[in-house]
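Below: one structure, written as structure tokens.
Each reported figure results from applying straightforward, stated rules to the coordinates on display, with no laboratory input. Note that this is a predicted model, so its numbers are computed, not measured. Note: ideal-geometry Cβ built from the backbone for every residue, glycine included; neighbour counts use all protein chains shown.
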Amino acid sequence: MSAANWRRAMSTPAANVPAQTPTATPSQPIPLRRRRRGSLLGWMRASIRPRHVIVLIALLVYPAVATPFFTFQIGGQALTLGLIALSLMFLAGYGGMVSLAQGTIGGVAGYAVAILGTSGSPISLGWTWWVAVLIAIALATLFAALVGWLSVRTAGIYTIMITLAIGVAFYYLTLQNYTVFNGFQGFHTIRPPVLFGIDWRDPVPFYFLALFWALAGYFFVKYVARAPFGVALQGIRDNPRRMNALGYHVNTHRVAAYALAGVMAGIGGVLLVWYNSLMTPGTINTQALIGILIIAVLGGLRHPIGPFIGALVYVLLQNFAIDLVARERFNLVIGGVFLAIVLFSPDGLLGLWVRARAKLGRGARAG
């Protein structure tokens, strides 16, 4: 059942809902394997469109036609930031929970990789890279669940403020603690492993690594949105009281959504550490936390592709706005773009595209 059908069913009075009879009798059971196969094929048909194939081909060909700068600095960074912003889109778009702690959750994973793995700092423990990465993602997920447990009892501006407070508190902890986090110096020379003879920080390998996890996150969100958990989460977003009356544990679903978002943010945090080759408190300061929100809103909070569109625009402005204005005025430029998007298209750049395509469709039918 799609989210639209769910909301339509939820808004129908119970007295007007006819009793449903089972579609299969004991003499004609529906095979479980066929039902699962049908649902998977149905999800693939509903999710994959020709435009997805075209975009995928373009993304695969992109490193062959782009320079190393555009491959790594633009493509790799946009995919990495987009994956972290995707975790925020999942919470806000499907759960109605705007969290400013997603960058902090990615920072938890980044610091875990730096502390447990190998870096240029003697504080690092030097564990095997895959052990450090797995523990880092697990810690990020647990931290995200803790953030969710603290914030799900609030709503609206209070959720934003409590998650921002958590992010600021963690920033000052890393800034002032030298025993574990090495203070303001942080950790330097953090490189991904050389696996299968490939240095995964080289522009093309890192781009494909980020692309793989970006696609995994995108299709994961698309699948969860149509799964029973995702449909229930959208029902909780629209009417938590009615969902609670139907027997759904509202806070449990919300905390679980934070945990799932934490997995994506944690993977994005690991990629961001490998991209920057360092982990410092500046990576998780207030500007970085708000930057994730700007990326998600720029692209649009109603579709998983939105955060990646917003990340691409953000990275392009970050790299080329200094050719038009001074470097210290970048925040003014991105703030102006953000304000224009919020005023003229609350659904972000993706909303502008949807409206333009609808106008073209109406014009074609009228002609």
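Using θ = phi - 60° and the Karplus relation 6.51 cos²θ - 1.76 cosθ + 1.60, list the HN-Hα couplings for the range 246-263 in order, rounded to whole Hz, with x at every Gly or Pro.
Coupling constants for the range 246-263: 7, x, 7, 7, 4, 5, 5, 4, 5, 5, 4, 5, 4, 5, 4, 5, x, 4 Hz.
In what sequence do Y258, Y172, Y314 fall when counting other Cβ within 10 Å, fewest first?
With the fewest neighbours first, Y258, Y172, Y314 line up as Y172, Y314, Y258.
Return the distance in nm (one decimal) between the two label points of a simple spin-label model at N319 and A169, each offset 7 Å from Cα along Cα→Cβ.
Computed distance between label sites N319 and A169 equals 3.8 nm.
Distance from the Cα centre of the range 92-168 to that of the range 241-291, in angstrom?
What the calculation gives is 6 Å, centre to centre.
Go ahead and run the numbers for FRET between F69 and L125, Cβ-Cβ distance against an R0 of 35 Å, rounding to 0.05.
Given R0 = 35 Å and the Cβ-Cβ separation, E is 0.55.
Counting pairs of Cα atoms in the range 133-204, how many percent are more than 14 Å apart?
More than 14 Å apart: 75 percent of the Cα pairs in the range 133-204.
Calculate the radius of gyration of the Cα atoms of the range 68-366 to one decimal place, then report Dmax, the largest Cα-Cα distance, as a whole number, both in Å.
19.4, 70
Which whole-Hz couplings ³J(HN,Hα) result when phi for each residue of the range 233-245 is put into the Karplus expression 6.51 cos²θ - 1.76 cosθ + 1.60, θ = phi - 60°, listed in order with x for Gly and Pro?
5, 5, x, 5, 4, 7, 8, x, 5, 5, 5, 5, 5
Using the number of other C-beta atoms within 10 angstrom as an exposure proxy, rank M243, M264 with the fewest first.
Fewest-to-most Cβ neighbours within 10 Å comes out as M243, M264.
Say a paramagnetic label sat at a point 7 Å from the Cα of Q185, along Cα to Cβ; which residues of the range 113-134 have their backbone N under 17 Å from it?
Residues 114-116, 118-126 fall inside that zone.
Filter the trypsin sites (Lys or Arg not before Pro) in the range 167-231 down to the DSSP loop ones having no more than 16 other Cβ atoms within 10 Å, then list what survives.
none
Identify, among N239, F90, F219, the residue whose Cα sits farthest towards the positive end of the charge dipole of the range 68-366, taking +1 on the Cβ of Lys and Arg and -1 on the Cβ of Asp and Glu, with the dipole about the Cα centre.
Towards the positive end, the residue furthest out is N239.
Evaluate Rg over Rh across the range 206-306, taking Cα atoms for both radii and Kirkwood's formula for Rh.
Result for the range 206-306 is an Rg/Rh of 1.03.
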